[in-house]
Structures are given as structure tokens and as C-alpha cells.
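The values are calculated or read from the model by the stated rules, or taken from the named source; none is laboratory data. Given the structure is predicted, the values throughout are model-derived calculations rather than measurements. Counting neighbours? That spans all protein chains shown, and the Cβs are built from the backbone with ideal geometry, glycine included. Note: areas computed on protein heavy atoms with side chains; ligands, DNA, RNA excluded. Shrake-Rupley method; radii C 1.70, N 1.55, O 1.52, S 1.80 Å.
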Amino acid sequence: MTIFSFLTLIGGLAFFLFGMNVMSSNLEKVAGGRLEVILQRLTSNLWKSLALGAAITIAIQSSSALTVMLVGLVNSGIMELGNTVGAIMGADIGTTLTAWILSLSGIRSDNIFMSLLKPQNFSPIVALIGVGLIMEAKTQKKKDIGAILAGFAVLMYGMTLMSQAVAPLAESEKFTSLLTAFDNPILGLLIGTVFTGIIQSSAASIGILQALSMTGTITYGAAIPLIMGLNIGTCMTALLSSIGVSTDAKRVAGVHIAIKVLGAIIAFIPFFIIRELTDIPLFGQTISPVAIAAVHSIYNIAMVLILLPFNQLIVKLIKKIVRGRKGREAEEERPAVLVDDRLFNSPNIVVDQCKQSTIEMAHLASDSFSLSLSAFEEYGDEKLDTINKFEKRLDVLEDELTAILIRLSAKELTDSVNNEVNEILYCIREFERIGDYGVNMVNNAKNMVARKVVFSDTANAEIDVLNSAVRQILQMTVDCFEHDDVKLATKIEPLEEVIDDLVDTIKNRHIDRLRYGDCRGDTGITLDDYVTFCSRVSDHCSNIAITVIQTHKTALEAHQYLNQVKTDDELFRENYEAFTETFRLPEYHWKQKQKKMVEA
């Protein structure tokens, strides 16, 4: 093997790793995101978790990426440690598909259709399609699919280069003598572990082993310990990802390592004994790329089936090995961040977590303003304290969510994810402002109590109607945002119009009563602020509803929508009339009109 063959081997490995990275990252963007959100929510059942772990690993072609994702989910407090075991085991099964894809390089046939299955024959076509999509596609999703195809072509080209580089080794006596080292099972196990730990890709290790097997010099006896070793070596990525995380997140990596190591021990000891004490011909036979894929699959599936019943014992073992802190120290250890940095490679999980936190903001803002309205009926300092706590939490969430989403926006996102990011960014500002009005409102109530000012019975009766309308629009807004309910969102604008009408009427009636002495003058500014705050809150609710509608109808423009529904939308008119009837102010006799009638 010349220096140029060695450089070709290294270059082929580089192409392989680069292609795998491009393919897996874009697969994750296109297909993995939704599966990851499902994984986050549906891992309480062991079998579901096992199936989802396998499905996601097949989708993103990386068991290491899944484990890193689980470390991030646990570190963010989104998942419990016990719910990750099934997913980790499922990833061990899902990762075997890569070896089967790589085994296509070993196909030898004169049949044109069989020959087309060889990577070196179909990769150029795949690359051409992929590059065409990257250059010409209009949507980000199609560009991502193009990147997947291009990454696959580069990966397969790297596999071909490695195969070509090692082909001369079949005639090399030095290489043949070197293989005697691999014939030692313990050394083979260590070499597989160390090499995979260095390159941090079991797929690449399998690829190199399959490339070497095409020289016809690798036996079953040498390949099996190497396969066991590379399964242990793939834990390096998870181990590195556990640096600087909470104790439970470290335990996720520990569970991953325990499964791999225990599996290797269970399989290696019988293999070593059988090989040393018996003379099975299979161990001396040369292994093919397809056989390597088969051994890899059988080994991983068997280990999962053996260890699956002991999943909780594995968790207990890791908890004893990786000990956590207690009491106050444990509280301090909990991460303050909403989303772990490791999850930014999974935009859908970040968006989903941000959506959940924004839903928390929605409920806080709604509860804050509703509570501030009740402060005018019965004021108490505890209400002021509660609303101030709500406001502090809203401010913290707004700052953290804005920082997270702006950081996420810098990444390449699919159109749907980008729309969700924009929706959440806009709505968190609106919910925070609703919370601000809650603080302003309760401070007005406090000032009224301090000045011993009260609204008249007539004004209170009108305010009760306004309060009911505002509370309903707040509830509708929270519900439509939380459940992405576009139909409910379309009902908010008509109610906002009704609230504006109520505010204008209450202001005019109050002026009329002030003019004729039915209301005290010192209530004027307070009442004006009261109804103005209600109007502003309903405006923010309208903005949120329109944003929800726009997210699902991306071609819609806000002003265009408002103009359209207010002029020629029959459903808007029906809802407006229904809300007008529901929130009707008490009868009122205008003093100014009565005076003019007497004078006439």
C-alpha cells in the first residue's frame, strides 16, 4: 500500500464522515423534528419508546445524535431519566440500517438492474438530483431534501474511495500478517472501541470494516469482536455531551454506556470461550459486507432483547455510580435555561419547548389581568403581590424566549418551523404587554382605595359587562393560541370590535353623568384609564389571533385581513351581532338629551 493509497483512504473517510453529517443533519430537519417532539411526549411507555428510538435513528441516521438529544431533553427538564432507556435501546436497533445501506457496495453482478444498486453506479444520479434541488428549489424543505441526496452521494463516494484504497491490500503480505493481530479477540475488541471513539461514528467504522472485507482477507472471527468494540466506541459522543450538565443528564450518557458495555460483556465472554475451546469453521471463513451488516443487526437486536427486561435495574445501577447532590445543592444544580444548547440541532424540539413556555405566558397574562379587574371589586395587597410575581415571571420568560428564538432564527429552518418561530416571537411581546396592563390596572385600584374613591352603581353595572367581555376575549385568545385553533381565532376580532364599542359608550355615558353631577369628578381619570386598559388588552388579543391565523395562512396580510372581514365577511358580521347581544350595557337615559327635550 503506497502513500497515495493511504491518502485516498483518509480522503475517502473524510468524504464519508462529511456526507454522513450532511445527510443526517438534513434528515433531522426534514423528518426528525416531528418525531423528536413525539419522542419527548410519548416515552412513558417502554415499547413505544423503543419503537420511537428506532424510528428516529432510522430517520436521522445517527444513534449518537439521538443520545445527545436525550441528554439535552433531560438537562432541560423536559424528560425523565427513566423514559430515555427504551429510546436508547431503540437507537441501537435503528442504527443497524446504515450497515445494510453500505453493504450495497459489495454487490457483484452482470445484471444491469443489480449493478444499478452499487453506490458507484447510482451515486452520480443521486448527486445530480440533489444539487439540482439545492440550486433550483423554491422552498427550504426541497433544498433540504436536495442536501440529503447530495450528502448520501458524497457518503457513498467516500465508501467507494475507501474500497479502492484498500483493494491492493489483498495482495500485501504485510497486511496479511497484520491481520493476525485482529485475530486476537481481546485486541480486536479494543481496536474497534478506540478507533470508533476517535472518529465518533460507528457507521464510519462499519464502512471501513466493510471496505476491508471486500479484499477477502477479513474473517468472521476477526470481524465479530471489532463489531462489538465499535458499538462501545460510539458512546464517546454521548460521554462528551454529558460534560457540564445536570446529574440526571449525565446519567443518560451513563445508561447508554452501560447498555453497550453490558451487551459486549454478555456477548464477548461466550464468543471468547467458544472460539478458544472449539474449532468452528465459520470463524476462519472470510466475511462479506452483507454478512457484516447481518452480524451487526443480530448482535444489536439480541443485546436489546436480553437487556430490555432489566431496564430499571440499569437505571438504578447508573444512579448508584453517578451520584447526585442532595437538598439545596440539588436545587442549585437545576439548569435555569429553558432549552439546553444540545437541542438547537433539533429546531422542532426547541420550538415546541418555546411554545409550551409561551402558553405559560398566555395563562399568566390572562390570570394577571383578570385578577386586576377583581381588585376593583375587592382590593387586597395579596392581589398586588401576586400580579407583581406574574409580571416578573413574564419578564423572565420574554427575555429568555426572545434570546432563544433569535438564536434559532440564525439557523436554516424549514418554512413551517420559521412560521412558528415568527408566531411565538410576536405573541410573547403581546402577552407580556397584557401582563403590564394588569400591573397598571391593580395600581389604579390601589390608588382608588388610598383616595377612598368609588365608582357609582351605574358605572359599576357597565363595568361588569365590560369585564365579562374582556375575560371572554382573554380566554378565547389563550385557547386559540394554545390549541392553534384558527376557527376560534376568527371570532376574536368581532369581540374586539364589541369591546371598543362598549368602551366608547361607557366613556360617553360617564362624561354625561359628570356633566350633571351623577358621578364624582375624581373618578373620571381612573375610569378613563380603566376602560382604556381594557381596550388595549383587547387590541393585543386581536393581534395574537391574527398572528395565529397568519401562521396557518401565510399569504395573509394583517391589514388586508382586517379590511376584508370588516367589510364583506358575513361570518364576522354574525359573530359581531351575537357578541353585541351577549354584552349589552344596561339601559341608560341620557341627561343631556332630557334637558334639551324639557327646554323645547
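On the basis of the beta-carbon distance and an R0 of 56 Å, ASP501 and ASN45 show a calculated FRET efficiency of 0.60. Using the Cβ-Cβ distance between SER374 and ASP479 with R0 set to 30 Å, the FRET efficiency works out to roughly 0.90. The share of accessible area on segment 45-101 that comes from carbon and sulfur is 65 percent, using a 1.4 angstrom probe.
Calculate, for segment 330-457, the solvent-accessible area per residue in square angstrom, rolling a 1.4 angstrom probe over the heavy atoms of the protein chains.
45
Which value in nm describes the separation of the simple spin-label points at ILE3 and ARG323, placed 7 Å from the Cα toward the beta carbon? Label-label distance for ILE3 and ARG323, simple model: 5.5 nm.
Going by average Cβ density within 10 Å per residue, which order do the peptides 427-439, 408-420 take, highest to lowest? Before the final figure, lay out the partial values.
Working: 427-439: 22.5, 408-420: 16.3.
Put in order of decreasing packing, that is 427-439, 408-420.
At full extension, ALA450 and GLU80 could sit 128.2 nm farther apart than now, given 0.36 nm per residue minus the alpha carbon distance.
Treating r as the C-beta distance of ASN460 and LEU488 and R0 as 25 Å, the FRET efficiency rounds to 0.25.
Using the per-residue mean of other Cβ atoms lying within 10 Å as a proxy for protection, in what order, highest first, do the peptides 500-508, 147-155, 363-371 fall? Please report the intermediate quantities before stating the final value.
Numbers: 500-508: 17.7, 147-155: 24.2, 363-371: 21.6.
Highest-to-lowest ranking by the protection proxy: 147-155, 363-371, 500-508.
For the cross-link pairs LYS355/LYS491; LYS507/LYS553; LYS48/LYS316; LYS355/LYS392; LYS260/LYS316; LYS48/LYS250, the ones whose C-alpha atoms lie over 25 Å apart are LYS507/LYS553. So, in Å, what gap is there between the alpha-carbon centers of segment 72-99 and segment 409-447? Cα centres, segment 72-99 to segment 409-447: 33 Å. Annotation: extensible slack from ARG471 through LEU585 equals 39.5 nm (criterion: 0.36 nm per residue apart, minus Cα-Cα distance). Among 214-225, 62-73, sorting by the average number of other beta carbon atoms lying within 10 angstrom of each residue, highest first, gives 62-73, 214-225. Can you work out the base-10 log of I(q)/I(0) for segment 330-451 at q = 0.12, 0.15, 0.17, 0.18 1/Å, using the Debye formula on its C-alpha atoms alone? Each listed q maps to, in turn, -0.52, -0.71, -0.82, -0.88. Take ARG573 and ASP381, extend 7 Å from each Cα along the Cα→Cβ direction, and tell me the distance between the two endpoints in nm. For ARG573 paired with ASP381, the spin-label model returns 5.6 nm. Straightening the chain between ILE269 and GLU360 buys 27.5 nm, computed as 0.36 nm per residue apart minus the Cα-Cα spacing. Computed from label points 7 Å out along Cα-Cβ, the spacing between TYR426 and ALA294 is 5.8 nm.
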